[in-house]
Amino acid sequence: MTDDAEGLDGDGREHDGRDDEVRGARRIPGPRAAADDFDMGQPMPPPPPPPPEDMPPQPESVPPQPEPSETRPGPPGPPALVLPHRVLKALLGAWALAACSAAETEAVEEHLTECAPCADEALRLRDAVGLLHTDGSLDLDPLLRSRVLESCLSRRPAKIPVPDWASPYDAETARLDALLRDIGSAEWHAPVRLKWFEGDRRANRKTTVAGVIGHLMTVDGLVSTALGLDDPLAASVPDIPRRGPGPVLAPTARTESYWASARRPPTRAVREPWREQSHTLIRTVSFAGRGVSERSVSYGDFALPLQDALLDRAFECWVHGGDIADAVDYPYEAPSAAHLNRMIDLSARMLPAALAGRRRAGLAGPARRLVTAGTPGRSLHLEVEGLGGGDWYIPLDSPAAVGSPDHTVAQVALDGTEFCQLVAGHVLPVEAAAGQRGDREAIQDVLFAAASLSRL
């Protein structure tokens, strides 16, 4: 096939000067035949009738073979379809979808044996057609963003990198924002029931998807004020200054004030200020340098260093992201193993103080050994299995004591995500432990102290 009188193929090669690649190009098997390639309107001829039973078998007749000199050519068939290169190239998509006629299919496949660029394109189109019939999920891997960023940064590091201790917050806010981007307008008003643990009982509060995002934005304001940024609660509560020191409200009180001051239920409009606030926090800590990680963030009745406060906010963002995903029937995976391990470690470090607080309230057994600060006392071995797992030794007699494997009186084994669900108040303490051994009172006290870390 030629495009002009000089005997050039459509891609500019001479017929007599094809390179080895073109002459050796393998023929691509055609797609399944289209239904219109067959004459479905003509009935099949009936099979020949069987011979009568009383007729003796006849020898199979062999048609006489003509002598070579008597061989005559048959009647000429229809001429092959001759198309220019640009038309054949345009037909590749239809060929891959089995939408060409028989003559076009023959012309395309003949061309593919001679034109290597079109043969490569045909292979890519056939692979693409295979993806149209996949049975797999089309949802993106939730860790795809982290892998892409890691790959990019390994080749060209960021001029101002995000601190390693802030990366869990960065990742979880991005994952939740991706979920919010996918849901429809009506789903922002889907009911969500928030759960946590108070004393010895479970508490809950009903809100909407938009209400959950408002709650996250309001509590993130504790970190914003610690960094000297605007407090989002100041826009709706007159007693809260926009910036600078003011009355410190605990997370639950801040959320209740935000919900009570709203003139109407929150809508999807809350996404943009929440998203901008999270980006501002990440930019601020990235430019602030190393010393900012130890800055104190007050939660009202306790305080955390900034690096732990952002880890706490990442944990709550994941937990409430799961609450939203359940409400709108959307898949939502756990954080990466490295980030989940940090969240579990923070909870384990907060357990001694939570246990001491329950002991002062008469909700836990008394300390059995007097220890001084920095010395080992009784310990409980917390063994977390699976994703983000590890081993922690929780001091039982004093928050200032040191957990030690040499003074272990009990052991509890839990799955990593199950332990986080316990800390979030989504799992009851009596249902959490997969394995228990040793002092039963110590085990119960630690499990209930883990649940008491949850809050609205």
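Below 8 Å, C-alpha to C-alpha, sequence gap of six or more: please give me the relative contact order for the stretch 338-451 in percent. Intermediate results must be reported in sequence, preceding the final value.
Details: 224 pairs, mean separation 30.5, N = 114.
Relative contact order comes out at 27 percent.
Kindly provide the pair-distance distribution of the stretch 338-451 built from C-alpha pairs, with 5 Å bins from 0 and whole-percent values in order of increasing distance.
2, 13, 24, 27, 20, 10, 3, 0
Gain in length, Thr375 to Glu150, computed as 0.36 nm per residue apart minus the alpha-carbon separation, to one decimal in nm? Please report the intermediate quantities before stating the final value.
Details: separation 225, 0.36 × 225 = 81.00 nm, distance 4.13 nm.
Roughly 76.9 nm would be gained on extension.
So if I restrict to the alpha-carbon atoms in the stretch 286-363, what is the Rg, and what is Dmax, the biggest pairwise distance, in Å?
Here Rg and the maximum Cα pair distance are 15.5, 45 Å.
Charges only on Cβ, +1 for Lys and Arg, -1 for Asp and Glu: so what's the dipole of the stretch 312-456 about the Cα centre, in debye to the nearest 20?
Numbers: 12 positive and 18 negative charges, 169 e Å.
With Lys and Arg at +1 and Asp and Glu at -1, about 820 debye.
Enumerate the residues in the stretch 150-192 having an amide nitrogen under 13 Å from the point lying 7 Å beyond the Cα of Glu333 toward its Cβ.
175
Out of residues 5 or more away from Val192 or on other chains, whose amide H comes under 5 Å of its own, with H placed 1.01 Å from N in the peptide plane?
Sorted by chain and number, the residues that satisfy this are Thr207, Thr208, Val209.
On a straight-distance basis, which lysines could pair with Lys206 in a cross-link, Cα separation under 28 angstrom, same-chain partners fewer than 8 positions away excluded?
Excluding near neighbours in sequence, the set is Lys195.
Looking at the stretch 338-451 only, what percent of DSSP beta bridges run antiparallel? Nearest 5 please. Let's see the in-between values first.
Values: 10 of 18 bridges.
Approximately 55 percent, going by the DSSP bridge assignments.
With a cut-off of at most 12 other beta carbons within 10 Å, and DSSP calling the residue loop, which GluC sites (Glu not before Pro) in the stretch 145-231 qualify? Please list them. Spell out each step's value before the answer.
Details: sites: Glu150, Glu172, Glu187, Glu198; in loops: none.
Listed in order of number, the matching sites amount to none.
In nm, give the distance between the simple-model label positions of Ala99 and Val129, each being 7 Å from the Cα along the Cα-to-Cβ direction.
Each label point lies 7 Å from its Cα, and together they span 1.1 nm.
Let me test this: with uniform point scatterers at the alpha carbons of the stretch 159-305, what is the Debye-based log₁₀ I(q)/I(0) at q = 0.09, 0.10, 0.15 1/Å?
Listed by q, the Debye log ratios stand at -0.30, -0.37, -0.85.
Ignoring solvent entirely, what values of log10 I(q)/I(0) come out of the Debye formula for the stretch 242-382 at 0.21 Å⁻¹ when each Cα is a single scatterer?
Listed by q, the Debye log ratios stand at -1.60.
Under 15 Å from a point placed 7 Å out from the Cα of Lys159 along the Cα-to-Cβ direction: which residues of the stretch 274-305 have their backbone N that close?
287
For labels at Val430 and Glu256 in the simple 7 Å Cα→Cβ model, what's the distance in nm?
Going by the 7 Å Cα→Cβ label model, 2.8 nm.
Would you kindly derive the ³J(HN,Hα) couplings of the stretch 360-367 from the backbone phi angles with the Karplus curve 6.51 cos²θ - 1.76 cosθ + 1.60 (θ = phi - 60°), listing them in order in whole Hz, with x for Gly and Pro?
5, 7, x, 9, 9, x, x, 5
Values in this text are rule-based calculations from the coordinates and carry no lab data. Predicted model, so just to flag it, every value in this text is computed and none were measured. Neighbour counts run over all protein chains shown; Cβ positions are idealised from the backbone, glycine included.
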